[in-house]
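These notes concern the structure reproduced below.
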Amino acid sequence: MAYFDAASTEPLHPQAREALIAALDAGWADPARLYGPARRARMLLEQARTEVAETLGARPDEISFTSSGTQAVHLGVLGALHGRRRAGRRLVTSAVEHSSVLHAAEVHERDGGSVETVGVGLTGAVDPAAFREAVLVPGTAL
């Protein structure tokens, strides 16, 4: 199992610490620029992307690094909605989603999309039948 976000609750794995120190020493420049150190930073970034892709069984162009779990959720939710815009502009969430999902839903709604929030029962569990019914409404993208 590969878990990439311990939400600041765990120390860095020794290999991750080594990689971070090496990146700080050799990859400190802006990888989007063209001068020498920046090209080196870009090569290190692409090497990291390739290694993560191999670990996950993905292609390097499918790997994005984010600065936080919240940013990752926003990119995932809003990106999926954008990619499925032909299916509709409707998002279904549950009332017990992580706040980052609910914030992405607010952004989607501000941008003209619709959001349906499915409630939970007394135990805090989402009713699968209610969620299924909400998802099956025409125009639901995610």
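The values are calculated or read from the model by the stated rules, or taken from the named source; none is laboratory data. Because the structure is predicted, anything quoted here is derived from the model rather than measured. Cβ: placed from backbone, ideal geometry, glycine included. Neighbour counts: every protein chain shown. Keep in mind that these areas ignore ligands, DNA and RNA; they rest on the heavy atoms of the full protein, side chains included. Shrake-Rupley method; radii C 1.70, N 1.55, O 1.52, S 1.80 Å.
Can you tell me which residues in the range 81-125 are of a type in the set (Val, Ile, Thr), buried (at least 18 other Cβ atoms within 10 Å of the Cβ) and within 15 Å of Pro138 (Cα to Cα)? The answer is Val92, and nothing else. Within the range 112-136, track down each residue that is touching a Gly at 6+ places or on another chain (Cβ under 9 Å) and over 16 Å from Val101 (Cβ atoms). Within the range 112-136, Asp127, Ala130 qualify. Taking the range 34-142 as the region of interest, the helices (runs of 4 or more DSSP H) fully inside it that hold 2 or more residues being closer than 30 Å to Ala22 by Cα and in contact (Cβ under 8 Å) with a residue 24 or more places away in the chain are 36-56, 69-83.
For the range 61-72, the criterion of a residue being of a type in the set (Asp, Glu), within 30 Å of Glu106 (Cβ to Cβ) and loosely packed, with under 13 Cβ neighbours inside 10 Å is satisfied by at least one position. Output yes when any residue across the range 43-53 is modelled with pLDDT under 90, of a type in the set (S, T, N, Q) and open to solvent by 90 Å² or more (accessible area, probe 1.4 Å), and no when none is. Looking for residues that are modelled with pLDDT under 90, of a type in the set (S, T, N, Q) and open to solvent by 90 Å² or more (accessible area, probe 1.4 Å), one finds none in the range 43-53, hence no.
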